[in-house]
Structure formats: C-alpha cells, structure tokens
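Everything on this sheet refers to the single structure shown next.
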Amino acid sequence: MVTINTLKRGFKKGLETIWILSKVIIPIYMIVTVLKHTPALEYVALVFSPVMQLFGLPGEAAIVLVLGGLINIYAAIGAIMSLTLTAKQITVLAVMISFAHNLLVETAVSTRVGVSAKLIVGFRLLLAVVGGLIINLVL
Amino acid sequence: MFDTSLIEILKEGLNGGLSSVFGIALIVMPLMIFLEVARDMSLLDLLSKWTRPLTKALGINESSALPLAIGLIFGLAYGAGVIIQSANEGEMDDKSLILVSMFLACCHAVIEDTLLFVPVGANGWLLLGIRLVVAFVITALISKYVNFDAMKDGETECE
C-alpha cells in the first residue's frame with residue numbers, strides 16, 4: 001500500500017543517491033579538468049587512440065571506460081562531462097559503460113549467486129565491446 | 001606546467017561537477033520516489049507477467065520471471081537477493097540460476113542507468129534497446145549451445 005512513508009522512503013533514497021553521486025562526480029570532474037590542462041591527458045589520448053578509434057572515440061575517452069569499469073557509472077559520467085564529446089560518442093560510451101561498470105563490486109554480488117567471476121567479467125567486457133562496435137556502426 | 005592558474009582550473013572543475021550533479025539530481029529524485037511507489041503498489045506481479053515471455057525465450061523456468069523483473073528494474077543487488085531466496089526454496093534449476101544471473105549481471109537497473117546518461121547527452125531509447133537486445137541474444141545463445149550439465153558436473157560432484 002502506498003502511504004506517506006512510501007514517499008518519505010523514496011525521498012530519502014533520492015537524497016542518498018544524489019549524495020553518493022556528488023562524492024564521485026565532482027572530484028572526478030575536477031581531476032579530469034586539471035589533467036586537461038596538463039600534457040597527461042594528451043599522452044593518454046595518444047596511447048589509446050588506435051583502440052578507441054574502433055569505437056569512433058577519441059583516445060582520451062579511455063579514461064571514461066576505465067573509471068566506469070573500475071568505479072561506477074557516476075565516475076564515468078563525471079569524466080564524460082569534463083571531456084568534449086559528440087552526442088554519438090556519448091551514446092557509444094553510455095552503451096559500453098552500461099554493460100561493464102562497477103565490475104569489482106558487482107562481480108562480488110554476482111558470484112554470491114554462484115556464477116564464476118571470470119565468466120561474468122569476461123561476458124560483460126565482451127558485451128561492452130560488441131555493443132560499442134554496433135552503436136558506432138549503426139549511428 | 002599549467003596554461004592557466006590552478007585556482008581557475010579547480011573552479012572550472014567544481015562548477016562543471018556541480019552542474020552535472022544538479023542535472024542528474026532532477027532525474028534521480030522523482031525516479032526514486034516513483035520506484036518506491038511502484039514497489040508498494042505491488043506492480044511487481046504485473047512486471048513478472050511482462051518478463052515471462054523473456055524467460056520462455058531464454059529457455060528457463062517460470063519462477064525466474066520475478067527475479068528477472070526485480071533485477072531489471074531495481075538493480076543487481078535486489079535481483080540477486082531474490083535469486084538467492086528462490087534458489088534456496090528450490091524454485092530455480094541450475095540452468096535458470098546461471099542464465100538469470102548472467103543476464104542480470106550485464107543488464108540491470110535499466111531505468112536508473114538509462115536516465116543517468118540522458119542528461120549527459122546519450123540517446124536513451126537506443127541505450128535501453130541495445131542493452132536489452134544484446135544481453136538477451138547472447139544469453140539465449142549460451143542457453144542454446146552451452147552444456148549446463150557438464151558445467152554443473154565440473155563444479156559439484158556430490159549430486
């Protein structure tokens with residue numbers, strides 16, 4: 001049954017999520033912004049551009065994939081916002097990150113159900129690559 | 001080392017970060033309230049009716065429909081919780097257990113995850129569509145071509 005408590009719980013969860021999200025997005029946005037003013041980001045871009053080209057992405061977008069994969073979607077969003085990307089590139093990154101994010105924590109949750117960690121991580125990375133390639137081709 | 005002063009750069013970063021959070025907060029807040037209302041209105045029975053064709057197509061048993069629906073809407077942790085309960089009650093066979101877990105590991109919390117990327121500039125429908133379709137196709141292929149009895153024998157010997 002829907003009561004005032006339902007709304008209160010939703011409001012509380014909303015605030016919690018926004019708080020967690022701020023703690024991740026703001027520092028990452030700041031760090032990437034600082035890196036943008038140093039040669040570091042250019043170096044990353046140079047190293048990763050051959051691989052990222054397969055997905056129609058600039059080399060520095062590798063940062064988004066690494067942050068999203070290891071930390072979570074919020075971290076990836078912080079990095080996306082601080083880079084200059086087209087709508088298509090953001091959609092490609094969104095698809096890839098949706099398949100493979102927060103892998104350390106979520107794999108731990110999945111293995112509790114009894115599926116092998118290697119299988120889960122391999123499967124998710126595969127989907128991220130396949131999804132990224134498809135979106136880049138069709139858009 | 002820097003082309004402008006560090007203070008200016010940090011200010012730019014803080015402003016950008018704050019406005020990103022604000023844009024997302026506008027979506028997250030109503031969404032969380034909506035999800036709680038949906039839960040208390042027991043919309044889940046309805047949802048598992050929608051996921052039933054999915055379970056059929058994946059070749060898994062019907063009692064997997066509820067964990068699948070919960071995981072897809074509310075997220076991996078909730079889905080896993082329900083899977084563990086169902087497994088303990090013996091409602092799900094090994095094949096269903098593995099396939100539902102795989103599917104949810106790749107595709108979960110689809111409403112929240114999709115809406116998070118929309119204010120950033122992604123195409124939400126495309127994101128949602130490709131996530132569901134790709135996860136479904138690959139899980140279906142595994143369901144068809146992987147020998148689950150062999151997998152099970154490799155992991156547990158006592159049964």
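The values are calculated or read from the model by the stated rules, or taken from the named source; none is laboratory data. On a predicted model such as this, the values are computed, not experimentally measured, just so you know. All Cβ positions, glycine included, derive from the backbone under ideal geometry; neighbour counts span all protein chains shown.
Numerical summary
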| quantity | calculated |
| --- | --- |
| Residue within the range A:99-117 that is polar (S, T, N, Q), out of contact with any Lys or Arg (no Cβ under 9 Å at 6 or more places or on another chain) and crowded, with 22+ Cβ neighbours inside 10 Å present | yes |
| B:Leu116 on the phi < 0 side of the Ramachandran plot, in contact (Cβ under 8 Å) with a residue 60 or more places away in the chain and under 18 Å from the mean Cα position of the chain (by Cα) | yes |
| Filtered residue count, the range A:71-91, keeping only those that are more than 7 Å from every other protein chain (Cβ to nearest Cβ) and under 16 Å from A:Lys23 (Cβ atoms) | 6 |
| Hey, A:Ser49 more than 8 Å from chain B (Cβ to nearest Cβ) and among the small types (Gly, Ala, Ser) or not | yes |
| Filter result for the condition that a residue is more than 24 Å from A:Leu103 (Cα to Cα) and surrounded by 23 or more Cβ atoms within 10 Å (Cβ to Cβ), over B:Ile70, B:Ile33, B:Ile60 | B:Ile60 |
| Contacts under 6 angstrom Cβ, first residue in the range B:6-32 being touching a residue at least 40 places away in the same chain (Cβ under 8 Å), partner among the hydroxyl-bearing types (Ser, Thr, Tyr) and in a helix (DSSP H, G or I), 6 or more apart | B:Val28/A:Thr17 |
| Residue in the range B:101-109 that is more than 30 Å from A:Leu85 (Cβ to Cβ) and outside the structural domain of B:Phe34 (by TED's automatic domain parsing) present | yes |
| Any hit, the range B:94-104, residues being closer than 29 Å to A:Gln89 by Cα, modelled with pLDDT under 90 and out of contact with any strand residue (DSSP E or B) (no Cβ under 8 Å at 6 or more places or on another chain) | yes |
| Residue count, the range A:54-78 (criterion: under 18 Å from A:Gly131 (Cα atoms) and of a type in the set (Phe, Trp, Tyr)) | 1 |
| Qualifying helices (runs of 4 or more DSSP H) (wholly inside the range B:1-78; at least 2 residues being among the basic types (Lys, Arg) and either within 10 Å of another protein chain (Cβ to nearest Cβ) or touching a Gly at 6+ places or on another chain (Cβ under 6 Å) (or both)) | B:6-40 |
| Test for B:Phe148: is it in contact with a helix residue (DSSP H, G or I) (Cβ under 7 Å, 6 or more places away or on another chain) and buried (at least 19 other Cβ atoms within 10 Å of the Cβ) | no |
| Meets criteria (within 11 Å of chain B (Cβ to nearest Cβ) and not hydroxyl-bearing (Ser, Thr, Tyr)) for A:Leu54 | no |
| Of the criteria (1) without any contact (Cβ under 8 Å) to a residue 40 or more places away in the chain; (2) within 11 Å of chain A (Cβ to nearest Cβ), which one B:Ile98 fails | (1) |
| Residues of the range A:120-132 classified as surrounded by 18 or more Cβ atoms within 10 Å (Cβ to Cβ) and more than 15 Å from B:Leu128 (Cβ to Cβ), total | 6 |
